[in-house]
Structures are given as C-alpha cells and as structure tokens.
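See structure below.
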Amino acid sequence: MEKSKKIMKSIIPHLEDPVVKNAVKVKARVIAYATEFLREQGFIELLPTIVSPLTDPLNHEVFNVRFNYYGTVYQLTQSMIFHKQLAVTAFERIFIVSPNIRLETEEKKDSGRHLFEFTQIDLEMKGAKREDVMDLIERLLLYVISGVKQKCREELECLGSSVKIPTMPFKKVRYLDALQTYGKDFEKILSEKSTEPFWLIDIPIEGREFYDKLSVDGRTLLDMDLILPQGYGEVLSGGEREHEYEQILKRMEYKGTSLEDFKWYLQIAEDERLVPSAGCGFGVERLTRYICSLPHVSLTRLFPKVPGMDWI
Ligand code: AMP
Ligand code: MG
C-alpha cells in the first residue's frame, strides 16, 4: 500500500508533463519513419523475443534476470543478437522493434542515457559487411530526421530542439587513434566537440563480446558505434559477426564465457548453420532524446524505468 502511493505520486506529474507528451509523439514518428525506411529496403519485421535461454551476455555489469521454467533457465532479452544471427538463415534482411531489459546499476541513473527497460531497433543483413550497415544507417537517419522535422515541427519547436539534418557521409574515427589523442574519456570529449554524428570503428577485442568479428590484425573488431554530437554520445552499436564454430569457441574462451550457457548456440554453430552477416541496434529513446534535445531519455517514455528508481 505504502509503495503504490509513492509510485502514483511520482508518475502523475510525469504523465502530465508537456515535454514528455511532445517527446512521446516525436518518438512515435521516429519509430514509424525508421521502420518504414527498413521495409522499403526489403527488411522483414520480426516480433520481439522476450524470454529465451539465450541472450546477449553484454560487456558491462548488469544484474541478472533469470527464472526457471520446467527445468530450463530463461533470461529476459538484453539484446536479440543470437536470434538475429539465426533469423538471417531464414530471411536475408530482418529487423525487430525490440524491448530490452538490462538491470543497469544505480549510478547510471543520471547519465541521461540509461533506462533499465528500453527499446532498440535491431537489424541484421545476411552476407553484409560493416560498410553496408553504416551506409544503410546514414540513409535511415537522414530519412528519419528529415521526416520528423517536417511532421513534428510544432512539437520540436515547443521542446526547443536544435537538431540538424546530418551531412553524409559521416566521419569515421578509429578507436585506438581517438584513445591515443584524447585519453580514456575520448568518446565524451569527441561527442561534445562534434556538430555531426560520427562512426567510432575498430573497437579492440577486449571491449566487446565474442560475436563481433575479429579483424585480420587479431586485435580489433570489424564493428562500430555511432556517436551523436553535442554530448549525446553513443546511439548505436553493430558490426560483422563471427559465424564459424572454431572462431566462436576461441573468442568465448578469450572472454571466459561459460560454454554451458551457450550450448544451444554452439551446437548450431558446430552444425555450420550460422551464416556471415552484419547488423546493428540503435536505441529509440537515445535517438529521440537527441532529436528533441532533451536532458534525459526518461522524458521520451510515459512509463520510464530509470536505473535504481521504482516507477510504474
Ligand atoms: P548495445 O549493443 O549494448 O550498444 O545496445 C544498442 C543500443 O541500445 C545502444 O547503442 C543504445 O542506443 C541502446 N541502449 C543500450 N543500453 C541502453 C540503456 N540502458 N538505456 C537506454 N538505451 C540503451
Ligand atoms: Mg554499445
């Protein structure tokens, strides 16, 4: 009883906040334009997988959500990476508007960028290279931002949005070069300095999970992040994928990943059922936050889940 009173008190002003209402309207358009673009490009929309014995192990600390159902341990989806890899064996191009649960630690509550329930538009292309994904996303962003600027002029004006239509092609910055020039806070520094989105490419092997493909240099990955300007930071991660059993095994051993946890996936890889692919996922709330020039992603959802807080 005590608890539900506390929740009702904090959620009602949020529901009535004109900033939230405008941002939610813009977010609906962001999703509509992004998915329309992907459909036009031949992508098939899949519905999200919410629970599975298999989900992204992630490369940072989150609390685990697991439950036992008739002897199988299920997890809530942290990303659909493995399902995407399997899905491209059935369809060449797929996307999912995918809700993800990541129980992020409490200190992320003021980052402006973290929720513990958020949505990615997650996509994968059979036989594609990293460059194909970057080209697709640049065109998608142009389409989404131009469309939203036209359709949501009033909402963006009320929000005081300063978003510009980005200039293509986006700049590519190598991770290790940026680290050497700007030190460990390079991403923040570069994002704050920048006036255009840019790609951060060639992330070192220790910075990512085993499914991003290793480059021939043996140290960096054929992957990328998209960094938004004006301090809004990362909005997308993606890359080419490992699909060969021996290589996946090596990469899991390097990371200390439990082979038992991934036995289904490993069996599929050993049976040579995985195919070369590349893809990415971008956060709907982070993209909307940028387009609306908002201080926090929580303003883009009616029922936001901010790390460490107990909203409805
Ligand atoms: P990842 O592959 O882990 O980088 O996740 C893909 C994208 O999802 C990120 O680039 C973000 O845009 C978004 N994302 C990841 N974690 C969160 C979070 N905790 N809250 C909001 N958005 C997130
Ligand atoms: Mg990322």
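The values are calculated or read from the model by the stated rules, or taken from the named source; none is laboratory data. Just so you know, these numbers come straight off a predicted model, no measurement behind them. Every residue, glycine among them, receives a Cβ derived from its backbone with ideal geometry; neighbour counts consider all protein chains shown. For the accessible areas, the whole protein counts, side chains as well, though only heavy atoms, and no ligand, DNA or RNA atoms are used. Shrake-Rupley method; radii C 1.70, N 1.55, O 1.52, S 1.80 Å.
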With all protein chains present and a 1.4 Å probe, how do MET252, MET309 order by accessible area, largest first?
MET309, MET252
Rounded if a/c is under 1.5, else prolate if a/b is larger than b/c, else oblate: which is the range 1-156, with a ≥ b ≥ c the root eigenvalues of its Cα gyration tensor?
oblate
For the chain, accessible area per residue (1.4 Å probe, heavy atoms of protein chains only), Å²:
49 Å²
Which of GLY71, GLY218, GLY239 ends up with the largest GNM mean-square fluctuation for the chain, with Cα atoms connected below 10 Å?
GLY71
Among THR119, THR72, THR55, determine the one that fluctuates most according to a GNM of the chain built with springs between C-alpha atoms less than 10 Å apart.
THR72
Please enumerate, by chain and number, the lysines with C-alpha under 17 Å from the C-alpha of LYS213, excluding those fewer than 8 residues away in the same chain.
LYS84, LYS126, LYS129, LYS250, LYS255
Amide H contacts under 5 Å for ASP212, restricted to residues at least 5 apart in sequence or on another chain and with H modeled in the peptide plane, are GLU242
Ordering LEU226, LEU302 by how much accessible area each has at a 1.4 Å probe, largest first, what is the list?
LEU302, LEU226
Give me the aspartates and glutamates in straight-line cross-link reach of LYS171: C-alpha distance below 18 Å, same-chain residues under 8 apart excluded.
GLU131, ASP132, ASP135, GLU138, GLU187, GLU192, GLU196, ASP202, ASP223, ASP225, GLU234
For LYS108, list the lysines whose Cα falls under 21 Å from its own Cα; do not include residues on the same chain fewer than 8 positions away.
LYS184, LYS188, LYS305
Could you give me D for the range 75-192, from Stokes-Einstein at 37 °C and 0.692 mPa s, where the hydrodynamic radius is the Kirkwood radius over C-alpha pairs? Units µm² s⁻¹, please.
186 µm²/s
Once amide H atoms are built 1.01 Å from N in the peptide plane, which residues 5 or more positions from PHE118, or in another chain, come under 5 Å H to H?
ASN100, ARG102
Where does the longest stretch of the chain lie that holds no chymotrypsin sites (Phe, Trp or Tyr not before Pro) found in a DSSP loop with 16 or fewer other Cβ atoms within 10 Å?
92-310
In angstroms, what radius of gyration and Dmax does the chain have, counting Cα atoms only?
19.6, 59
Rolling a 1.4 angstrom probe over the protein chains, ignoring ligands and nucleic acids, what is the accessible area of VAL97 in square angstrom, nearest 10?
40 Å²
Calculate one ³J(HN,Hα) per residue across the range 26-37 by plugging θ = phi - 60° into the Karplus curve 6.51 cos²θ - 1.76 cosθ + 1.60, and present them in order as whole Hz with x for glycine and proline.
4, 4, 4, 5, 4, 5, 4, 5, 5, 6, 4, 4
If you count the DSSP beta bridges with both ends in the range 1-115, what percent of them are antiparallel, to the nearest 5?
75 percent
How would GLU36, GLU285, GLU154 line up by accessible area, probe 1.4 Å, largest first?
GLU154, GLU36, GLU285
